[in-house]
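Written below as structure tokens is the structure these notes are about.
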């Protein structure tokens, strides 16, 4: 499967990295209970949290040639390579989160450097401390990172929190694209089976955070130059946008918050990725968000992601050639601040 054309590169904005060979984080950062990597073979490992197995990972997480071979097989020219959220460390003291961010950000640059211009690094920041987050973003941009991935909340603080808004405003000021990924989903007996936290919690978390930016008045406060994209098709938000608009009009006393217009008014302020797996869901996404606000994302290399990357976009029979090119290439290039093909 080949890409569209060299002049119109296919871009996957949602992939993750797990660098190999990070130091003992307790010794390097302080504290305890840090993730560590149990290396099982040259091409297989397990992310451990304490004594608990968190996620098996393979060479595609840290080996650029493996990633590039998979990209070639999928017809992807460029990957945005973001952290794996388990390393965000928002629940730790800020000084520890700064140290772990620096470690993983520097290691990520080592992974992506081997891919040339095809692997685009996004950093992580200590989002619990706005000043430290801005400083780490600036350091990373100077070092070669192109943008930043953030989690969708910091404890009970959502994306309309003053400190988070301060950071997002800084991102707009320095021109750094922001990729928002859900993490730290609620658990409990009803959610700790069938991967229900991933199947229901992730869409709900993303939906909640889009609403927080809208109803919390973030889009009314941050510059309209902010480039921000939400993972997993925006979660359940696109499906329930009509409900949110209805509630805004009918129960404005409770729902409107700090927003100045109905939620549907704000869909041109952010993007969502296409990793929804089904043509009908993609059609709803494009109809709701518009053809300029959807980008290809795969969640590579994790098993709940889409392979081949961009398959639903490539095969959806309702897209015109021009719309398909926007989703596969042009929208992502605009998100990354890269020139558009002629």
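The values are calculated or read from the model by the stated rules, or taken from the named source; none is laboratory data. What you see is a predicted model; the values in this text were computed from it and never measured. Heads up, the Cβs are rebuilt from the backbone with ideal geometry, glycines too, and the neighbour counts pull from every protein chain shown.
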- Answer residue from the stretch 171-183, given it is assigned to a loop (DSSP other than H, G, I, E, B) and within 16 Å of the chain's Cα centre (by Cα) and is nearest to residue 276 (Cα to Cα) among those: 182
- Task: Name, by its number, the condition in (1) crowded, with 18+ Cβ neighbours inside 10 Å; (2) assigned to a loop (DSSP other than H, G, I, E, B) that does not hold for residue 168.
- Result: (2)
- With a cut-off of at least 1 residues that are touching a residue at least 40 places away in the same chain (Cβ under 8 Å) and either farther than 30 Å from residue 234 by Cα or in contact with a helix residue (DSSP H, G or I) (Cβ under 7 Å, 6 or more places away or on another chain) (or both), name the strands (runs of 3 or more DSSP E) lying wholly within the stretch 1-105. 11-17, 35-41, 78-83
- When the stretch 184-235 is checked residue by residue, the ones that are buried (at least 18 other Cβ atoms within 10 Å of the Cβ), part of a loop (DSSP other than H, G, I, E, B) and in contact with a helix residue (DSSP H, G or I) (Cβ under 8 Å, 6 or more places away or on another chain) are 184, 222, 226, 227, 231, 235
- Item | Subset of the stretch 133-165 (residues that are in a strand (DSSP E or B) and surrounded by fewer than 16 Cβ atoms within 10 Å (Cβ to Cβ)) | 157
- Give the number of residues within the stretch 318-341 that are at pLDDT 95 or above and part of a loop (DSSP other than H, G, I, E, B). 4
- Quick one: how many residues across the stretch 107-123 are surrounded by fewer than 17 Cβ atoms within 10 Å (Cβ to Cβ) and either more than 16 Å from residue 60 (Cα to Cα) or at pLDDT below 95 (or both)? 3
- Task: Looking for whichever is out of contact with any helix residue (DSSP H, G or I) (no Cβ under 8 Å at 6 or more places or on another chain) and touching a residue at least 40 places away in the same chain (Cβ under 8 Å) here; the options are 116, 155. Which one fits?
- Result: 155
- Out of (1) at pLDDT 95 or above; (2) closer than 26 Å to residue 271 by Cα; (3) crowded, with 18+ Cβ neighbours inside 10 Å, the one residue 100 does not meet is (2)
